[in-house]
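The values are calculated or read from the model by the stated rules, or taken from the named source; none is laboratory data. Predicted model only: the values in this text are computed from it and were never measured. In this analysis, Cβ positions are derived from the backbone assuming ideal geometry, glycine residues included, and neighbour counts consider all displayed protein chains.
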Amino acid sequence: MKIEIIKIGKCRHPGITEITHEYLKRLKPYLGVESTLWKEGDVETRLSRLLDKETLVVALDERGKQWSSITLSKHLNNWIDSPSYKKVVFVIGGPYGLPEQFRSKTNHIWSLSDCTLPSDFSWLLVCEQIYRAFTIIKGMAYHHE
């Protein structure tokens with residue numbers, strides 16, 4: 001199983017990039033995780049290519065459903081165990097979010113908060129929450145409840 005985190009637009013905060021890369025590095029022992037920054041341009045064509053039967057797509061949007069860390073860990077565990085998917089892709093929109101045509105075709109819409117967050121913050125939070133979910137799955141001491 002591979003996980004890809006796509007962020008549309010470059011990160012404008014070097015400190016966020018540094019911390020995000022630390023979480024991505026921590027995730028490497030568990031499974032193949034990669035993060036890609038897409039330039040803002042012809043995003044709709046690239047997004048439509050993600051929508052195939054073997055890819056589970058999670059769009060990040062404040063109008064989606066909020067998940068606790070435990071819920072995310074259960075989702076990830078189920079997705080990893082599912083023979084239906086070879087890849088899970090998390091997509092974080094740019095300043096204007098994700099196109100409705102794309103959002104409506106994704107498997108899940110995940111909201112990190114009722115607030116609208118900058119995409120740089122969302123990128124960091126998604127990476128940290130995926131790392132946290134894997135520590136929950138593996139029974140590691142990172143998550144305290």
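Kindly check whether there is at least one residue in segment 48-66 that is more than 27 Å from PRO99 (Cα to Cα), out of contact with any Cys (no Cβ under 9 Å at 6 or more places or on another chain) and surrounded by 12 or more Cβ atoms within 10 Å (Cβ to Cβ). Show your work before the answer.
Here is the first cut: in segment 48-66, the residues more than 27 Å from PRO99 (Cα to Cα) are none.
No, segment 48-66 contains no residue that is more than 27 Å from PRO99 (Cα to Cα), out of contact with any Cys (no Cβ under 9 Å at 6 or more places or on another chain) and surrounded by 12 or more Cβ atoms within 10 Å (Cβ to Cβ).
Taking segment 1-58 as the region of interest, how many residues are assigned to a helix (DSSP H, G or I) and among the aliphatic types (A, V, I, L, M)? Adding up the residues that qualify gives 6.
When you go through GLU44, GLU22 one by one, which is the residue that is of a type in the set (Asp, Glu), more than 14 Å from the chain's Cα centre (by Cα) and modelled with pLDDT of 95 or more?
Values: GLU44 fails: modelled with pLDDT of 95 or more.
The match here is GLU22.
Take the conditions β-branched (Val, Ile, Thr) and either surrounded by fewer than 18 Cβ atoms within 10 Å (Cβ to Cβ) or assigned to a helix (DSSP H, G or I) (or both) and apply them to VAL126. Does it pass?
Judged against the criteria, VAL126 is a match.
Here SER73 clears all of (1) of a type in the set (Ser, Thr, Tyr); (2) closer than 12 Å to GLU62 by Cβ; (3) assigned to a helix (DSSP H, G or I) except the condition numbered (2).
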